[in-house]
Each structure stands twice: as C-alpha cells, then as structure tokens.
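Undergrad: Have a look at this one.
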Amino acid sequence: MVSSTWVTTGIRSIVGRQSRLIQGASATVSLLVRSIVVGPDESKKNRPFVIRSRYYCGNARSFASAAVAATVMSPTTSQEEQVVIPFVQPRFDVATQEPDYERLGKTSKVNLFTAINDAMSTALETDPTAIVFGEDVAFGGVFRCSMHLKDKFGPHRVFNTPLSENGIAGFAVGYASMSGTAIGEIQFADYIFPAIDQIVNEMAKFRYRSGNQWNCGGVTLRAPCGAVGHGGHYHSQSPEAYLAHTPGLTVVMPRGPRSAKGLLLSSIRSQDPVVFLEPKVLYRSAVEEVPDEEYMIPLGKAEIMREGTDVTVVGWGGQLRVLEKACDLAHEQYGVSCELIDLRTILPWDVDCLVQSVEKTGRLVVSHEAPITCGFGAEIVATLQEKCFLHLESPIQRVCGYDTPFPLVFEKHYIPDKFKNLEAIKHVMEYSQ
C-alpha cells in the first residue's frame, strides 16, 4: 500500500522529433520536470517504488497519462532533493449550495489576482499533494497570481516549467493520474492550443477510456483570457467555445474576486478535470469584499445577479461588467427590467436556470467577447430556442465579437460594448410591441 511520496528531480521529458516547437530550448535538451517517488509498503521499507511518468513534447502524442512505468530502485542519496509528503489526496465535499457569505465572517477588499492567489494558497495548505506549476509561476507569474506561494510552500510544490504548454498539460495529466492535485498555469489562454491534444485526447477522456478504473480528475489548468485593451490578436482571445466542445471537461470563468475564489477552490477540489479561464482585464480592476475564510461555489450552476421581468440577459466572465451597464441604461432610458445571469460554468452549463428565466421574460440576449460564429452563445440560443419556443416574444439576440482575428487598433470597435447590448435589448422589446 502506498504510504508516502518523495518528490525528486528524476523525471525527464523525452523530446520527440517535433521538439523544435519548444520555444527557447535546444532540440536535444531533456526537460527536467519532476518524478513521483512512491513510498514502499511495510514489507519493502528500503526499496521504494519510482513512478516514472513520461511524455513527448511538441506534436508527438504524450503518454504521461497512458504509459506509467513502475521500477524498484534505491532511495535518493541527495537529501536536499528529497521531500516527503503524504500521497493521499484528500476528498472534499462537493459544493451543492451557494455559500452563506454572512456566516463566513470577516472579509477583505481584494482584487481578482489576490483572490486567486488566496484560493491556491488554501488548496496548497489543505491538500498535501497539491502542486502549482507553469511558466514563471515561481516568482509570481506575469499577473502575480502566484506571488509568495513558492516562499510559503517551497520550490518542490511551486515551480517553473519550460515554455511548453503541451508539456505543462501532459505533466498535469500524469501527476493527477497518480492521485495528485495538479494546478497548472497556461500563461495566456491564446497559447493553450499547443496543449489541445493533451486536454482533448488525454485529460478529457482519461476516465472514460478506462471504464472508470482510473482518472485524472485532479487537474486544474488556469489561463488568463479575453481583451485587455492592448493585447492584440495573440493576447486577447477567449477560447471557451473550443474547450466546451469536449465532453469530459469542466470549463469555468468567474466575473470577479468573490466568485473567482469560490469557483477556483471548487475546481481544484473537483473530481473532474477543469480549465479555469480568468478574464485578465479584471486582475486589478475588479475589486470586491471577499471572505477571508475558505468557501466553494457549486460548479454547473448559474447565478442570477439581478432579477427582472422583461428580458433575460446572459453572459460570463468580464462581459458581465459590460452587461451590468447595459441593463442600467435599459432601465434608465426605456424602463426595461432586465434579468441578468452569470453563467459561471460554461461546461456543463445551467440549462434549467436559463429556461426558467426565459419562460418568465419571453426574451433573451446573449453576449460574449469571442467571435459570433460557433461561439458558446450559439449553443445557448439553440437550446433555448428548442426548449422555450412557445414562450418567446421575439427572436433571440447575440451580441458578440466579429469573425475576425482580434484587432489591436480596432479593439474598441470589435468589443461588444454596453451600447451594442443596449441596442439588442431595445430590439427585443420593440419587436414584441
């Protein structure tokens, strides 16, 4: 029986023929990541097992999640490289109800990246198998979400990786398959695409292809997404629709600090792999009173931010700030009562919440930053058209980004701002009069 784990620097990434895709690395370099050394049972105290989890970088199919070889070997001689932690992943109750914020007690006024940092710190404190890794996370990351975590928990639990998104995802799958909790960071969601093979073909299908004999549900991949005002086409994309097309994944996007802390803790403690998308424009601009105590928000449940009677308005992530302003204008200028809903979880999404709202209002506006064609708003429209057809008073409206690469100098024209959404709200009201 596995009783403990020694985390050392024994595992090597095997560089395949496509290793030229690893940015800044020689094609012949073996990338040192981590090995998982599983402690022996009582009958083999002096002969610990080493689990070598291997993966190819570049386009070659990773098999960190499929080929895990156990070998008997001697204990590591270097005490400096040896860290002993219990390798029994704690099991946390799944959140089924919204937290009672009044009972949570003391709050602090924090921004989004501080709330995310707090959630990861809580995860590391309460789960000894949890690790945080990614490009530059050891010094705090580009957006400072992992500040001071290395100092607090040590370099064996918070560490940098090479510039290989495929490697980050592959390592996360391999580590989680050994019952660890892997919290990986993709530095920008725009660069998640080199890891798509790992995410779609390994992470999402790991449990299914084994007939539920094993899983990698301990994976959470964080990724900053969305417009930021100056990101251009390589630092502004919102890839939630690509990911939501993958059965087996959970896809989450918070709208602010309070929801981010609760949703991230739920994601990390979930028994399903999660891609957690963080609207980077909110890292410093979104500030809320957030409970100091830990709490979790249910995954797969939307939140009605404000109740209304005339039109249902749906969004997620940073777009909710825009929609709040549009709903305010609709009330001020036209006396329209908007029911504003934050989807929160893109996959699986809360169909029942939206159906009940649209059956009440008879009208629906969906808005997101991503391009309109095959954006996730299209799935919402198709589902609500099917389930609420006899309740609809007007055609459903989508207010989204254009079908172009994200433009730098024309970002203000590209973004579905409050005025575009106001026009859509006005249109659905006038259509039914």
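Undergrad: Once every Cα of the range 234-372 carries one equal point scatterer and solvent is ignored, give the base-10 log of I(q)/I(0) from the Debye formula at q = 0.11, 0.13, 0.17, 0.20 Å⁻¹, two decimals.
TA: -0.41, -0.57, -0.97, -1.28
Undergrad: About its Cα centre, how strong a charge dipole does the range 85-184 have in debye, to the nearest 20, once Lys and Arg get +1 and Asp and Glu get -1 at the Cβ?
TA: 220 debye
Undergrad: Which far-off residues, 5 or more places away or on another chain, put their amide H under 5 Å from the one on S108, with H placed in the peptide plane?
TA: Sorted by chain and number, the residues that satisfy this are V290, D292.
Undergrad: Below 13 angstrom from the Cβ of W214, what's the summed charge of the other residues (Lys, Arg +1; Asp, Glu -1)?
TA: +2
Undergrad: Whole-Hz Karplus ³J(HN,Hα) for the range 154-167, in order, using 6.51 cos²θ - 1.76 cosθ + 1.60 and θ = phi - 60°, x for Gly and Pro?
TA: x, x, 7, 10, 9, 8, 7, 10, x, 7, 8, 4, 4, x
Undergrad: Per-residue accessible area for E430 at 1.4 Å probe radius, Å² rounded to 10?
TA: 100 Å²
Undergrad: So between Q213 and D417, what do we pick up on full extension, going 0.36 nm a residue minus the alpha carbon distance?
TA: 68.7 nm
Undergrad: Modelling each spin label as a point 7 Å along the Cα-to-Cβ direction, I'd like the V287/E386 distance in nm, to one decimal.
TA: 4.5 nm
Undergrad: Using amide H atoms built 1.01 Å from N in the peptide plane, name the residues 5+ places from V219, or on other chains, whose amide H lies under 5 Å from its own.
TA: Correct list: A182, V274.
Undergrad: Expressed as a fraction of 2.2 N^0.38 Å, the rule-of-thumb size for a compact globular protein of N residues, what is the C-alpha radius of gyration of the range 270-331?
TA: In units of the globular-protein estimate, the range 270-331 measures up at 1.36.
Undergrad: Would you kindly find the accessible area of C338, with a 1.4 Å probe and non-protein molecules such as ligands, DNA and RNA excluded, rounding to the nearest 10 Å²?
TA: Roughly 10 Å² of C338 is accessible to a 1.4 Å probe.
Undergrad: Find the Rg to Rh ratio for the range 341-433, where Rh is the Kirkwood radius over alpha-carbon pairs and Rg uses the same atoms.
TA: With Rh from the inverse mean 1/r over Cα pairs, Rg/Rh is 0.98.
Undergrad: Projecting each Cα onto the charge dipole of the range 83-179 (Lys/Arg +1, Asp/Glu -1 at the beta carbon, about the Cα centre), which of A95, S121, P155 comes out farthest on the positive side?
TA: P155
Undergrad: For the range 192-315, compute Rg over Rh where Rg is the Cα radius of gyration and Rh is the Kirkwood radius from the inverse mean 1/r over Cα pairs.
TA: Expressed as Rg/Rh, it is 1.00.
Undergrad: Then there's this: Roll a 1.4 Å probe over the protein heavy atoms and report the accessible area of W349 in Å², nearest 10.
TA: About 40 Å², ignoring ligands and nucleic acids.
The values are calculated or read from the model by the stated rules, or taken from the named source; none is laboratory data. Keep in mind that what you see is a predicted model, and the values were worked out from it rather than measured. Heads up, the Cβs are rebuilt from the backbone with ideal geometry, glycines too, and the neighbour counts pull from every protein chain shown. Areas reflect the complete protein model, heavy atoms only, side chains present, ligands, DNA and RNA absent. Shrake-Rupley method; radii C 1.70, N 1.55, O 1.52, S 1.80 Å.
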